[in-house]
Each structure stands twice: as structure tokens, then as C-alpha cells.
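Reading through the C-alpha cells given below for one structure.
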Amino acid sequence: MNRKPFIAGNWKMNMTAESGAKLIGELKPLVKDADCDVALCVPAILIPAMTEAAKGSNIKIGAQNMHWEPKGAYTGEIDADMLKEYGVEYVIIGHSERRQYFGETDETVNKRTKAVLAAGMTPIMCIGETLTEREGGITEKVLSAQLETDLAGVEDVTKVVIAYEPVWAIGTGRTATDEQAQETIAFIRKKIGELFCPKCAEKVIIQYGGSMNAGNCKGLMAQPDIDGGLIGGASLKLDFATIVNYNK
Ligand code: PEP
């Protein structure tokens with residue numbers, strides 16, 4: 001199955017218009033010959049300036065969250081039209097930091113995912129188990145439950161990018177081994193096959209996320225079910241270009 005790899009950065013709550021534009025300017029020539037799709041998901045307020053900075057390059061600018069309602073009294077939230085006005089194509093949904101610190105639940109992840117799809121954009125939908133859950137041997141049970149609720153009512157699952165991000169590996173410097181990541185992502189693909197259809201599952205892009213860096217990207221990307229990465233810390237530096245060029 002030919003799935004085009006997809007490497008996306010998640011700047012989280014980092015960078016300013018000035019430092020972000022400088023980094024994008026430096027990244028542009030370094031990633032121009034990438035064989036994968038490339039995106040940087042930036043803080044909402046930086047989307048206009050980063051879109052301008054990335055103009056004429058293969059770097060797409062994405063968002064880190066989106067509300068499911070088209071507009072209204074939802075202080076602090078961002079809607080689909082606001083993102084689309086700047087040409088945003090990708091929106092991270094259900095990142096573990098949003099689940100952990102901002103009350104995001106599988107139900108709200110499901111609403112946001114469906115709203116991103118309805119608006120014609122691509123959700124990068126994050127799932128993953130905690131360390132206690134992995135050590136308790138319930139990783140597959142946890143991921144199954146997340147997939148069942150998060151993807152409920154989604155019509156075309158091939159339009160969703162899944163980011164498998166073991167919570168214990170995010171921002172900790174502790175990466176899943178190539179084998180652990182492959183095994184778990186293969187399980188996720190199998191589960192999507194059961195929930196939708198095996199042919200659809202073969203088309204779904206599934207990224208690995210969790211301390212992926214310039215040193216470990218080659219091994220992770222060599223795994224047959226790993227189609228890309230969601231990169232936090234390393235997307236704030238030129239290392240991001242090394243990850244994008246993992247196959248060179
Ligand atoms: C992330 O933000 O999704 C992430 C994986 O972060 P880090 O690469 O820093 O672990």
C-alpha cells in the first residue's frame with residue numbers, strides 16, 4: 001500500500017511571530033525536496049504570520065485545536081472559518097496535553113474531529129496510553145476505547161490522520177522502541193479495519209509521536225506501519241529538517 005509519509009511539527013505554546021518566521025525561513029530550503037508531506041502546527045495567533053512566512057514552500061501551516069461549533073459564545077476558542085481563511089489544512093485534535101490539562105474527552109475529540117472533516121480540513125487525531133496503562137497491560141484496551149469513541153460517526157476514516165502518541169513518551173525524551181511503536185500502530189490499523197473496513201485501514205496515515213528526533217527518526221520511519229511523525233520539541237529547531245529528510 002502506497003501511503004505518502006507525513007511529518008508534522010507541533011510548536012505547542014512556543015515561538016513568536018519573529019522567531020517563528022526566522023525558523024521557517026531557515027527550514028524552507030532544507031525541506032524543499034522532501035518526499036513526505038510537511039506541516040507545522042503553530043499557536044493560533046501565529047497562523048497568519050507563519051502562513052506568510054511559509055509562502056511558496058512545501059511547508060503547510062496547521063492549527064493545534066478547533067471548536068466544533070461554527071461560531072458563537074465560546075470564549076477563547078477558534079472556529080473552522082477562522083482557520084480556513086488562512087488556508088489551514090491540518091488541525092491537531094485531542095493532543096494528550098489538551099486531554100490532561102484542558103478537560104478534553106473522547107466525546108469532545110469526536111465532535112472536533114467531525115467538525116474538522118466537515119470543514120474540508122484534515123484532523124491529526126491524537127490517541128495514546130499512559131505509563132500506568134502500558135505497565136498494566138491495557139494499552140490495546142485503552143486505544144480501542146479511544147478509537148471507538150473518537151471516530152464514532154466518521155464517514156470516511158481515510159481522511160483522518162491518526163497520531164499514536166504514548167503519553168509517557170511525549171516531551172520526556174523517552175521514546176517508544178521501533179518495535180513497540182510498530183506493534184502498537186499495527187494494532188491501531190487492525191482496529192480501524194474492524195471499525196470501518198480493512199481496505200480503508202490500509203489507506204489511513206498513522207504517525208508516531210513522542211520524543212521523535214533527528215537520531216531516532218530513521219528507525220521509526222523504517223517500520224512498515226509508521227507513516228510519519230508528530231514532532232514536538234524537535235520541531236522548534238533545524239532538527240525538524242533532518243526528520244523530514246529521514247530517508248536521504
Ligand atoms: C507532541 O507534542 O505531540 C510530541 C510528540 O512532543 P515531543 O516530540 O516533544 O515528545
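Numerical summary
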{"read-out": "Residue check for LYS199: without any contact (Cβ under 8 Å) to a residue 12 or more places away in the chain, touching a Gly at 6+ places or on another chain (Cβ under 9 Å), over 19 Å from VAL91 (Cα atoms) and assigned to a helix (DSSP H, G or I)", "value": "yes"}
{"read-out": "Single residue of ARG134, ARG99 found to be among the basic types (Lys, Arg), under 18 Å from the mean Cα position of the chain (by Cα) and within 16 Å of the ligand (Cβ to nearest atom)", "value": "ARG99"}
{"read-out": "Conditions (1) polar (S, T, N, Q); (2) away from the ligand (no atom under 16 Å from the Cβ); (3) assigned to a helix (DSSP H, G or I); number of the one not met by GLN223", "value": "(3)"}
{"read-out": "Flag if GLY20 is farther than 18 Å from ASN213 by Cα, in contact (Cβ under 8 Å) with a residue 24 or more places away in the chain and touching a helix residue (DSSP H, G or I) at 6+ places or on another chain (Cβ under 7 Å)", "value": "yes"}
{"read-out": "Residue that is farthest from LYS199 (Cα to Cα), among those in region 137-183 that are more than 16 Å from the ligand (Cβ to nearest atom) and among the basic types (Lys, Arg)", "value": "LYS141"}
{"read-out": "In region 229-248, residue farthest from VAL38 (Cα to Cα) [restricted to those that are within 15 Å of the chain's Cα centre (by Cα), outside any loop (DSSP other than H, G, I, E, B) and within 12 Å of the ligand (Cβ to nearest atom)]", "value": "GLY233"}
{"read-out": "Test: residue in region 7-16 that is surrounded by fewer than 21 Cβ atoms within 10 Å (Cβ to Cβ) and away from the ligand (no atom under 16 Å from the Cβ)", "value": "yes"}
{"read-out": "Neighbours by Cβ (under 8 Å, 6+ apart or cross-chain): first from region 70-95, of a type in the set (Gly, Ala, Ser); second loosely packed, with under 15 Cβ neighbours inside 10 Å", "value": "ALA80/PRO70; ALA80/ALA118"}
{"read-out": "One residue from MET221, MET212 being free of Cβ contacts under 8 Å to residues at least 60 places away in the same chain, over 16 Å from THR139 (Cβ atoms) and either surrounded by 24 or more Cβ atoms within 10 Å (Cβ to Cβ) or within 16 Å of the chain's Cα centre (by Cα) (or both)", "value": "MET212"}
{"read-out": "Filter pass, GLY20 being surrounded by 22 or more Cβ atoms within 10 Å (Cβ to Cβ), at pLDDT 95 or above and out of contact with any Gly (no Cβ under 9 Å at 6 or more places or on another chain)", "value": "yes"}
{"read-out": "Long-range neighbours under 7 Å by Cβ, at least six apart or interchain, first residue farther than 15 Å from GLY229 by Cβ and among the polar types (S, T, N, Q) within region 158-186, second away from the ligand (no atom under 15 Å from the Cβ) and assigned to a loop (DSSP other than H, G, I, E, B)", "value": "THR158/VAL204"}
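The values are calculated or read from the model by the stated rules, or taken from the named source; none is laboratory data. Treat the numbers as computed from the prediction; the structure is a model and nothing was measured. All Cβ positions, even for glycine, are placed from backbone atoms using ideal geometry, and neighbour counts span all protein chains on display.
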